[in-house]
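Structure first, commentary second.
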Amino acid sequence: MWLVLAFLSALLLGFYDVAKKQALRENSVPVVLLLNTFFASLIFLPLIFSSLCGFEWFGATAFSIPVGSFSDHLQVMLKAVIVLSSWAFGYYGIKHLPITIVGPINATRPVMVLVGAMFIFGERLNALQWIGVVLALVSLFMLSRAGRKEGIDFRHNIWIVCVIVAALLGAASGLYDRYLMHHLQPLFVQGWYNIYQFALMFVVMLVLRLFGKGDATQVRWTWAIPLITILLTAADMAYFVALSDEEAMISIVSMIRRGSVVVSFACGAMLFRERNLRAKAIDLVLILIGMVFLYLGSR
């Protein structure tokens with residue numbers, strides 16, 4: 001079941017990247033981040049309010065969020081800081097780069113998570129899983145090189161650096177999630193870290209409003225903004241529930257989630273008319289084959 005949820009999360013993440021690219025075309029990064037965290041908080045507020053006030057609206061259902069201890073909330077606050085930092089860097093990168101370039105760089109996260117999972121959780125991959133990992137790495141390397149044909153110098157481009165930093169922070173968040181899912185309920189983590197992210201972004205926007213430029217806080221409404229929240233919330237829910245399964249492997253779940261690059265690539269070609277698609281399509285086939293090997297090796 002955790003594999004099915006991982007693939008569902010990947011599909012939703014692909015559409016999430018597309019909605020994010022669309023929303024950022026006419027808005028600043030802080031504005032989109034604030035609205036994203038605000039709408040996400042609205043989704044979970046009824047669940048949290050019910051828990052804090054002692055109401056039995058959701059009882060012992062899957063939508064019940066425990067109150068949690070002070071220590072639990074500190075751990076979720078740390079996740080909120082890590083995730084929000086990763087989002088900030090990633091949003092700046094995807095705003096200024098083609099989505100068919102950002103996707104492959106983000107897809108290197110499973111490699112970072114794999115190394116961390118081996119050292120921290122003692123996870124090991126079987127032969128089929130290793131074949132899937134190698135195929136994915138080769139394809140991602142080829143995709144990243146395609147950026148040179150579009151005039152993007154990976155060594156001296158600040159937006160490439162932003163995407164790489166976002167990937168590193170995202171990998172750290174993935175490893176931290178595995179730790180959290182051992183002793184915290186998935187909805188507790190997802191609900192409260194969205195609340196804390198909104199609080200952080202609210203403070204950031206106040207500072208920008210008082211001391212920054214006016215265009216950093218101006219909003220040009222697009223339905224892509226709430227769509228970001230809906231898609232990401234659903235993708236994260238599938239992800240957290242998958243990780244809560246005792247048989248789940250963080251290295252495999254993270255690799256499957258990066259299959260979202262296929263969805264974002266297709267939309268980048270059709271909606272954003274990005275270039276150099278023929279060479280990238282071959283690399284995407286390798287990614288798909290790698291995902292199949294990962295699935296077969298995890299059954």
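Read the figures in this text as sums done on the coordinates, not as results from a lab. Nothing here was measured: the structure is a model prediction, and the numbers come from that model. All Cβ positions, glycine included, derive from the backbone under ideal geometry; neighbour counts span all protein chains shown.
Given Cα pairs under 8 Å that are at least 6 residues apart, what percent is the relative contact order of the chain? The partial results should precede the final answer.
Working: 410 pairs, mean separation 129.1, N = 299.
Computed over the chain, the figure is 43 percent.
How much length is gained on full extension from LEU74 to ARG275, taking 0.36 nm per residue of separation minus their Cα-Cα distance?
Gain in length upon complete extension: 67.9 nm.
Under a crude label model (7 Å from the Cα following the beta-carbon direction), how far is ASP245 from PHE202 in nanometres?
In this crude label model, ASP245 to PHE202 measures out at 3.7 nm.
Place +1 on the Cβ of every Lys and Arg and -1 on the Cβ of every Asp and Glu in the chain, take the dipole about the Cα centre, and give the residue among LEU227, ILE250, LEU180 whose Cα lies farthest towards its positive end.
Farthest along the dipole direction, towards plus: LEU227.
Once you've got the GNM for the chain with C-alpha springs shorter than 10 Å, pick whichever of ILE152, ILE101, ILE287 has the biggest mean-square fluctuation.
So, out of ILE152, ILE101, ILE287, the one fluctuating most is ILE152.
Tell me which lysines have Cα within less than 25 Å of LYS149's Cα, excluding those fewer than 8 residues away on the same chain?
Candidates past the 8-residue exclusion: LYS20, LYS21, LYS95, LYS280.
Based on the alpha-carbon gyration tensor of the chain and its eigenvalue square roots a ≥ b ≥ c, which shape applies: rounded if a/c is under 1.5, prolate if not and a/b is larger than b/c, or oblate?
oblate
Nearest 500 deg cm²/dmol is fine: what mean residue ellipticity at 222 nm does the chain get from its DSSP H runs of n ≥ 4 alone, each adding -39,500 (n - 2.57), divided by its residue count?
Mean residue ellipticity at 222 nm (helix-derived): -25500 deg cm²/dmol.
Helix hunt in the chain: which complete DSSP H runs extend at least 20 Å axially by C-alpha with mean Kyte-Doolittle at least -0.5?
Membrane-span-like by this rule: 2-24, 29-52, 70-96, 127-145, 158-180, 186-211, 224-244, 277-298.
Given the options ILE195, ILE94, ILE120, state which has the largest fluctuation in a GNM of the chain using a 10 Å cut-off (strictly under) for Cα springs.
Maximum among the listed residues: ILE120.
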